[in-house]
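One structure below.
The values are calculated or read from the model by the stated rules, or taken from the named source; none is laboratory data. Source: prediction; values computed, not measured. Here the Cβ positions follow ideal geometry from the backbone for every residue, glycine too, while neighbour counts run over all protein chains shown.
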Amino acid sequence: MNKKIDIRRRIIISTILSTLTFMLIATPLFGFISDRIFGSADNSVLFDYIFLRIPLITFVLVVSTYWVLSFRIRILKVNIIAIYPTIVLTPFVLLFMSLIFNQEGVITGSFTSIIASIAFYLITYFILLTVNILNNSVFYELPLEQAAKAAQFIFSLASSYLLFVLIFGTDINLIARLVILFLYILYYSFSSIIFLKNIDNSNSLIKSLSLAITMTFAAFVLSTWPIDSIYLILSLAVIFYILLSISLEVRETINKYVFIEYGVLLSLIASILIFNSDWGIIGSVI
(Lines give C-alpha, C1' and ligand atoms only; values in the text may rest on other atoms or scores of the structure.)
Protein backbone atom coordinates (compact mmCIF):
# COMPACT_ATOMS: atom_id res chain seq x y z
CA MET A 1 0.00 0.00 0.00
CA ASN A 2 2.83 2.39 0.84
CA LYS A 3 4.45 1.71 -2.51
CA LYS A 4 1.21 2.52 -4.33
CA ILE A 5 0.83 5.79 -2.42
CA ASP A 6 4.47 6.61 -3.09
CA ILE A 7 3.96 6.15 -6.82
CA ARG A 8 0.91 8.39 -6.74
CA ARG A 9 2.89 11.07 -4.94
CA ARG A 10 5.67 10.78 -7.49
CA ILE A 11 3.18 11.22 -10.31
CA ILE A 12 1.62 14.27 -8.66
CA ILE A 13 5.01 15.84 -7.87
CA SER A 14 6.28 15.15 -11.40
CA THR A 15 3.13 16.65 -12.88
CA ILE A 16 3.46 19.78 -10.76
CA LEU A 17 7.16 20.21 -11.63
CA SER A 18 6.45 19.75 -15.33
CA THR A 19 3.56 22.24 -15.19
CA LEU A 20 5.68 24.83 -13.37
CA THR A 21 8.37 24.38 -16.01
CA PHE A 22 5.79 24.88 -18.74
CA MET A 23 4.54 28.04 -17.04
CA LEU A 24 8.12 29.28 -16.82
CA ILE A 25 9.00 28.75 -20.48
CA ALA A 26 5.68 30.32 -21.51
CA THR A 27 6.47 33.62 -19.79
CA PRO A 28 8.06 36.76 -21.30
CA LEU A 29 11.10 36.08 -19.09
CA PHE A 30 12.33 33.50 -21.56
CA GLY A 31 11.90 35.97 -24.40
CA PHE A 32 14.14 38.39 -22.50
CA ILE A 33 16.73 35.64 -21.88
CA SER A 34 16.59 34.61 -25.53
CA ASP A 35 17.24 38.16 -26.71
CA ARG A 36 20.24 38.34 -24.40
CA ILE A 37 21.66 35.04 -25.70
CA PHE A 38 20.67 34.93 -29.38
CA GLY A 39 19.96 38.59 -30.09
CA SER A 40 16.92 39.89 -31.95
CA ALA A 41 17.63 38.37 -35.37
CA ASP A 42 14.86 36.74 -37.37
CA ASN A 43 16.11 33.24 -36.55
CA SER A 44 16.40 33.95 -32.82
CA VAL A 45 12.89 32.59 -32.17
CA LEU A 46 13.89 29.26 -33.73
CA PHE A 47 17.04 29.05 -31.60
CA ASP A 48 14.97 30.07 -28.59
CA TYR A 49 12.71 27.04 -28.97
CA ILE A 50 15.43 24.58 -30.02
CA PHE A 51 18.05 25.45 -27.41
CA LEU A 52 16.08 26.88 -24.48
CA ARG A 53 12.38 26.16 -24.07
CA ILE A 54 12.00 22.65 -25.51
CA PRO A 55 15.25 21.24 -24.01
CA LEU A 56 14.33 22.52 -20.56
CA ILE A 57 10.87 20.99 -20.41
CA THR A 58 12.20 17.85 -22.11
CA PHE A 59 14.80 17.42 -19.38
CA VAL A 60 12.21 17.88 -16.62
CA LEU A 61 9.75 15.45 -18.23
CA VAL A 62 12.35 12.75 -18.90
CA VAL A 63 13.88 12.87 -15.43
CA SER A 64 10.45 13.04 -13.76
CA THR A 65 9.15 10.08 -15.75
CA TYR A 66 12.21 7.96 -14.97
CA TRP A 67 11.73 8.86 -11.32
CA VAL A 68 8.12 7.68 -11.47
CA LEU A 69 9.35 4.46 -13.09
CA SER A 70 12.05 4.00 -10.43
CA PHE A 71 14.90 4.45 -12.96
CA ARG A 72 14.64 0.95 -14.45
CA ILE A 73 16.96 1.76 -17.33
CA ARG A 74 18.07 -1.76 -18.28
CA ILE A 75 14.78 -2.81 -19.88
CA LEU A 76 13.99 -1.66 -23.44
CA LYS A 77 10.24 -1.34 -22.94
CA VAL A 78 10.76 0.81 -19.86
CA ASN A 79 13.14 3.13 -21.73
CA ILE A 80 10.74 3.38 -24.66
CA ILE A 81 7.76 4.26 -22.49
CA ALA A 82 9.85 6.56 -20.27
CA ILE A 83 10.24 9.11 -23.06
CA TYR A 84 6.59 8.78 -24.10
CA PRO A 85 5.39 11.84 -22.11
CA THR A 86 8.10 14.00 -23.67
CA ILE A 87 7.37 12.93 -27.25
CA VAL A 88 3.60 13.14 -26.89
CA LEU A 89 3.53 16.42 -24.97
CA THR A 90 5.90 18.35 -27.25
CA PRO A 91 3.20 19.18 -29.85
CA PHE A 92 0.86 20.21 -27.01
CA VAL A 93 3.55 22.47 -25.55
CA LEU A 94 4.24 24.13 -28.89
CA LEU A 95 0.53 24.66 -29.54
CA PHE A 96 -0.14 26.06 -26.06
CA MET A 97 2.80 28.45 -26.27
CA SER A 98 1.69 29.58 -29.71
CA LEU A 99 -1.77 30.36 -28.35
CA ILE A 100 -0.30 32.27 -25.39
CA PHE A 101 2.17 34.33 -27.43
CA ASN A 102 -0.44 35.27 -30.03
CA GLN A 103 -2.71 36.90 -27.46
CA GLU A 104 -2.80 40.69 -27.25
CA GLY A 105 -3.16 42.34 -23.88
CA VAL A 106 -2.05 41.32 -20.40
CA ILE A 107 -5.46 40.08 -19.22
CA THR A 108 -6.13 37.95 -22.30
CA GLY A 109 -2.60 36.56 -22.27
CA SER A 110 -2.77 35.73 -18.56
CA PHE A 111 -6.15 34.02 -18.93
CA THR A 112 -4.91 31.95 -21.87
CA SER A 113 -1.78 31.03 -19.92
CA ILE A 114 -3.85 29.83 -16.95
CA ILE A 115 -6.15 27.73 -19.14
CA ALA A 116 -3.17 26.26 -21.02
CA SER A 117 -1.39 25.43 -17.74
CA ILE A 118 -4.46 23.66 -16.37
CA ALA A 119 -4.83 21.69 -19.60
CA PHE A 120 -1.14 20.81 -19.55
CA TYR A 121 -1.39 19.64 -15.92
CA LEU A 122 -4.35 17.35 -16.62
CA ILE A 123 -2.87 15.88 -19.79
CA THR A 124 0.51 15.30 -18.14
CA TYR A 125 -1.08 13.67 -15.09
CA PHE A 126 -3.09 11.17 -17.12
CA ILE A 127 -0.16 10.42 -19.43
CA LEU A 128 2.06 9.65 -16.42
CA LEU A 129 -0.65 7.41 -15.00
CA THR A 130 -0.82 5.60 -18.33
CA VAL A 131 2.96 5.24 -18.51
CA ASN A 132 3.13 3.88 -14.97
CA ILE A 133 0.53 1.20 -15.71
CA LEU A 134 2.26 0.19 -18.95
CA ASN A 135 5.57 0.05 -17.12
CA ASN A 136 4.15 -2.28 -14.46
CA SER A 137 2.52 -4.44 -17.12
CA VAL A 138 6.01 -5.39 -18.28
CA PHE A 139 6.55 -7.29 -15.03
CA TYR A 140 3.10 -8.68 -14.19
CA GLU A 141 -0.49 -8.82 -15.36
CA LEU A 142 -2.66 -5.83 -14.50
CA PRO A 143 -6.44 -5.42 -14.78
CA LEU A 144 -5.97 -1.83 -16.06
CA GLU A 145 -3.48 -2.79 -18.78
CA GLN A 146 -6.02 -2.68 -21.61
CA ALA A 147 -7.36 0.65 -20.37
CA ALA A 148 -3.81 2.04 -20.35
CA LYS A 149 -3.21 0.81 -23.91
CA ALA A 150 -6.45 2.45 -25.02
CA ALA A 151 -5.40 5.70 -23.36
CA GLN A 152 -1.99 5.47 -25.02
CA PHE A 153 -3.71 5.00 -28.39
CA ILE A 154 -5.85 8.11 -27.85
CA PHE A 155 -2.93 10.26 -26.65
CA SER A 156 -0.82 9.17 -29.63
CA LEU A 157 -3.59 10.05 -32.08
CA ALA A 158 -4.20 13.45 -30.46
CA SER A 159 -0.49 14.26 -30.37
CA SER A 160 0.01 13.15 -33.98
CA TYR A 161 -2.86 15.37 -35.12
CA LEU A 162 -1.29 18.39 -33.43
CA LEU A 163 2.03 17.41 -34.98
CA PHE A 164 0.44 17.43 -38.43
CA VAL A 165 -1.05 20.86 -37.70
CA LEU A 166 2.33 22.24 -36.60
CA ILE A 167 4.45 20.92 -39.47
CA PHE A 168 1.95 21.21 -42.33
CA GLY A 169 0.22 24.35 -41.13
CA THR A 170 3.43 26.38 -40.98
CA ASP A 171 6.14 27.35 -43.44
CA ILE A 172 8.60 24.47 -43.05
CA ASN A 173 10.76 22.87 -45.72
CA LEU A 174 9.15 19.73 -47.20
CA ILE A 175 12.15 17.53 -46.42
CA ALA A 176 12.19 18.73 -42.81
CA ARG A 177 8.45 18.01 -42.59
CA LEU A 178 8.87 14.47 -43.85
CA VAL A 179 11.83 13.76 -41.54
CA ILE A 180 9.99 15.04 -38.47
CA LEU A 181 6.86 13.11 -39.42
CA PHE A 182 8.81 9.89 -40.00
CA LEU A 183 10.59 10.04 -36.64
CA TYR A 184 7.47 10.88 -34.65
CA ILE A 185 5.28 8.28 -36.39
CA LEU A 186 8.01 5.69 -35.89
CA TYR A 187 8.02 6.36 -32.16
CA TYR A 188 4.22 6.55 -31.82
CA SER A 189 3.95 3.19 -33.57
CA PHE A 190 6.85 1.43 -31.86
CA SER A 191 5.86 2.56 -28.36
CA SER A 192 2.41 1.04 -28.92
CA ILE A 193 3.26 -2.12 -30.87
CA ILE A 194 6.05 -3.18 -28.51
CA PHE A 195 3.51 -3.64 -25.71
CA LEU A 196 1.46 -6.17 -27.68
CA LYS A 197 1.56 -9.72 -26.42
CA ASN A 198 3.43 -12.43 -28.34
CA ILE A 199 5.55 -10.06 -30.42
CA ASP A 200 9.29 -9.53 -30.03
CA ASN A 201 11.21 -6.28 -30.28
CA SER A 202 12.54 -6.87 -33.81
CA ASN A 203 9.10 -7.58 -35.26
CA SER A 204 7.73 -4.54 -33.42
CA LEU A 205 10.42 -2.41 -35.05
CA ILE A 206 9.73 -3.85 -38.50
CA LYS A 207 6.00 -3.14 -38.23
CA SER A 208 6.71 0.35 -36.93
CA LEU A 209 9.15 1.11 -39.74
CA SER A 210 6.62 -0.10 -42.30
CA LEU A 211 3.95 2.14 -40.82
CA ALA A 212 6.27 5.16 -40.62
CA ILE A 213 7.46 4.70 -44.22
CA THR A 214 3.87 4.37 -45.44
CA MET A 215 2.84 7.53 -43.58
CA THR A 216 5.85 9.44 -44.92
CA PHE A 217 5.05 8.39 -48.48
CA ALA A 218 1.39 9.38 -47.99
CA ALA A 219 2.49 12.76 -46.62
CA PHE A 220 4.78 13.30 -49.62
CA VAL A 221 2.00 12.48 -52.10
CA LEU A 222 -0.57 14.62 -50.28
CA SER A 223 1.93 17.49 -50.06
CA THR A 224 2.01 17.61 -53.86
CA TRP A 225 -1.76 17.30 -54.15
CA PRO A 226 -3.51 20.66 -54.78
CA ILE A 227 -5.57 20.85 -51.59
CA ASP A 228 -5.59 23.20 -48.62
CA SER A 229 -3.44 22.27 -45.64
CA ILE A 230 -6.50 21.66 -43.46
CA TYR A 231 -7.63 18.83 -45.76
CA LEU A 232 -4.10 17.47 -45.96
CA ILE A 233 -3.89 17.37 -42.15
CA LEU A 234 -7.29 15.70 -41.85
CA SER A 235 -6.35 13.09 -44.45
CA LEU A 236 -3.07 12.27 -42.71
CA ALA A 237 -4.85 11.96 -39.35
CA VAL A 238 -7.37 9.49 -40.80
CA ILE A 239 -4.64 7.46 -42.54
CA PHE A 240 -2.59 7.24 -39.36
CA TYR A 241 -5.66 6.18 -37.37
CA ILE A 242 -6.33 3.35 -39.82
CA LEU A 243 -2.71 2.18 -40.02
CA LEU A 244 -2.13 2.26 -36.27
CA SER A 245 -5.43 0.48 -35.62
CA ILE A 246 -4.49 -2.27 -38.07
CA SER A 247 -1.01 -2.60 -36.55
CA LEU A 248 -2.48 -3.02 -33.07
CA GLU A 249 -5.13 -5.51 -34.24
CA VAL A 250 -4.33 -8.87 -32.67
CA ARG A 251 -7.50 -10.81 -33.50
CA GLU A 252 -7.25 -13.49 -36.17
CA THR A 253 -10.81 -12.77 -37.35
CA ILE A 254 -11.69 -9.12 -37.77
CA ASN A 255 -15.30 -8.08 -37.34
CA LYS A 256 -17.02 -6.95 -40.55
CA TYR A 257 -17.89 -3.65 -38.89
CA VAL A 258 -14.19 -2.86 -38.68
CA PHE A 259 -13.91 -3.16 -42.46
CA ILE A 260 -16.97 -0.96 -42.82
CA GLU A 261 -15.39 1.66 -40.56
CA TYR A 262 -12.13 1.68 -42.50
CA GLY A 263 -14.01 1.72 -45.80
CA VAL A 264 -16.04 4.76 -44.75
CA LEU A 265 -12.89 6.58 -43.63
CA LEU A 266 -11.05 5.79 -46.87
CA SER A 267 -14.08 6.99 -48.82
CA LEU A 268 -13.95 10.21 -46.80
CA ILE A 269 -10.31 10.74 -47.76
CA ALA A 270 -11.06 10.04 -51.43
CA SER A 271 -13.94 12.52 -51.34
CA ILE A 272 -11.72 15.18 -49.79
CA LEU A 273 -9.05 14.70 -52.46
CA ILE A 274 -11.56 14.78 -55.30
CA PHE A 275 -13.98 17.52 -54.30
CA ASN A 276 -11.52 19.92 -52.64
CA SER A 277 -8.56 19.76 -55.01
CA ASP A 278 -7.77 22.79 -57.15
CA TRP A 279 -6.02 22.08 -60.45
CA GLY A 280 -5.51 25.67 -61.53
CA ILE A 281 -7.12 26.62 -64.81
CA ILE A 282 -9.68 23.80 -64.83
CA GLY A 283 -10.52 24.31 -61.16
CA SER A 284 -11.54 21.41 -58.99
CA VAL A 285 -12.01 17.94 -60.42
CA ILE A 286 -15.78 18.10 -59.92
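Summary of values
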{"item": "Matching entry among ILE154, ILE180 (being modelled with pLDDT of 90 or more, out of contact with any Leu (no Cβ under 7 Å at 6 or more places or on another chain), surrounded by fewer than 13 Cβ atoms within 10 Å (Cβ to Cβ) and not in a loop (DSSP other than H, G, I, E, B))", "result": "ILE154"}
{"item": "Test: residue in the range 159-172 that is touching a Lys or Arg at 6+ places or on another chain (Cβ under 7 Å), at pLDDT below 95 and part of a helix (DSSP H, G or I)", "result": "yes"}
{"item": "Candidates LEU157, LEU186, LEU166, filtered to the one that is assigned by TED's automatic domain parsing to the domain that holds ALA237 and in contact (Cβ under 8 Å) with a residue 12 or more places away in the chain", "result": "LEU186"}
{"item": "Matching entry among LEU46, LEU61, LEU99 (being at pLDDT below 90, surrounded by 14 or more Cβ atoms within 10 Å (Cβ to Cβ) and not in a loop (DSSP other than H, G, I, E, B))", "result": "LEU99"}
{"item": "Residue count for the range 249-285, restricted to those that are at pLDDT below 75 and touching a helix residue (DSSP H, G or I) at 6+ places or on another chain (Cβ under 6 Å)", "result": "2"}
